[in-house]
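Following: one structure in structure tokens, then a few remarks.
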Amino acid sequence: MNKAIATYTQLWGLSIHATSFEISTFAAIAAFPCLDSLELSVFLRADEIKSHLEPSRAHFPALRDFAIRASGPVVEAILVHLPVGVLTTLQLDLEACLEGPTYMEHVFERLVEKTSDSLRELSVQDRTKRDGLQNAETTQWYDLNLLRSLARLKQLRCFTLHNSDLSDDDLPILARWWPTLVHLDLGTYDRHAKVSEWKSRLTSAAHSIVKSSFPHLSSVALPVALPPDEPRVGSQ
């Protein structure tokens, strides 16, 4: 399979879900000149990416839409090799890390370096269970400080991040970062689920705050109940 994939050099789109995937195949894909869309759910190692992708060569020159399931260090190793100002959509499905997502600060910095003027859609799903962290009480989660570098994503229109550590007061700050945001997804509310208090620092007031802070928003999902006097519309 690996040899066959490496021969399709003129592909525009590629989706690979595999348990056996060679780093040489990844290096070959990185050189595809027309590859516009790539979805990867494979095992990769950050050190192998660094050793097989030559800094002097162009990698993923046409890649605009990228979805990957991997660890944070692997994502960062790939972002380093992306061209500046090409990627418009990024979907991250991050493997669990018992030490928490603090490492994502470096990932977000690399992302901004490459896409500050091009990225329009960003989705972050972290498979880490906060209850399973080694130091659940003190470990930094996805709070405003961890996300701060993303403020430089000037073209961002859609942002998805479930199980964040954001409060009502953080929402107007996000609106100042991304004044033209049209889609905001911070998770959904399930009134039947038993959710620990720390799962969300957002309150029902978040809905009115979002409404007044994001003038261009056309769809929103928040992990809190609607206030009793608010209509239950589909976008909520």
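Values as computed for the structure displayed
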| quantity | calculated |
| --- | --- |
| Residues with amide H under 5 Å from that of residue 165, placed H, sequence gap 5 or more | 142, 143 |
| Phi to ³J(HN,Hα) by Karplus 6.51 cos²θ - 1.76 cosθ + 1.60 over the range 61-74, Hz, x for Gly, Pro | x, 10, 5, 10, 10, 10, 10, 8, 9, 6, 7, x, x, 5 |
| GNM result for the chain, Cα springs below 10 Å: residue of 118, 51, 200 fluctuating most strongly | 51 |
| Cut-off under 5 Å, modelled amide H: who pairs with residue 67 long-range | 38, 39, 40, 91 |
| The range 211-223 - phi-based ³J(HN,Hα) in whole Hz, Karplus 6.51/-1.76/1.60, Gly and Pro as x | 4, 7, 8, 10, x, 9, 5, 10, 8, 8, 9, 10, x |
| Charge dipole magnitude, Cβ of K and R +1, D and E -1 - the chain, Cα centre, debye nearest 20 | 420 |
| Residue-count net charge about residue 66 - beta-carbon cut-off 14 Å; Lys, Arg +1, Asp, Glu -1 | -1 |
| HN-Hα J in Hz across the range 15-27 - Karplus 6.51, -1.76, 1.60, θ = phi - 60°, x for Gly and Pro | 10, 10, 10, 8, 9, 10, 9, 8, 5, 5, 5, 4, 4 |
| Mean Cβ neighbour count within 10 Å, used as a protection proxy, ranking 72-84, 97-109 highest first | 72-84, 97-109 |
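A short reminder: the numbers here are calculations on the coordinates, not readings from a lab. Because the structure is predicted, anything quoted here is derived from the model rather than measured. No Cβ is skipped: glycine too gets one built from the backbone with ideal geometry, and neighbour counts run over all protein chains shown.
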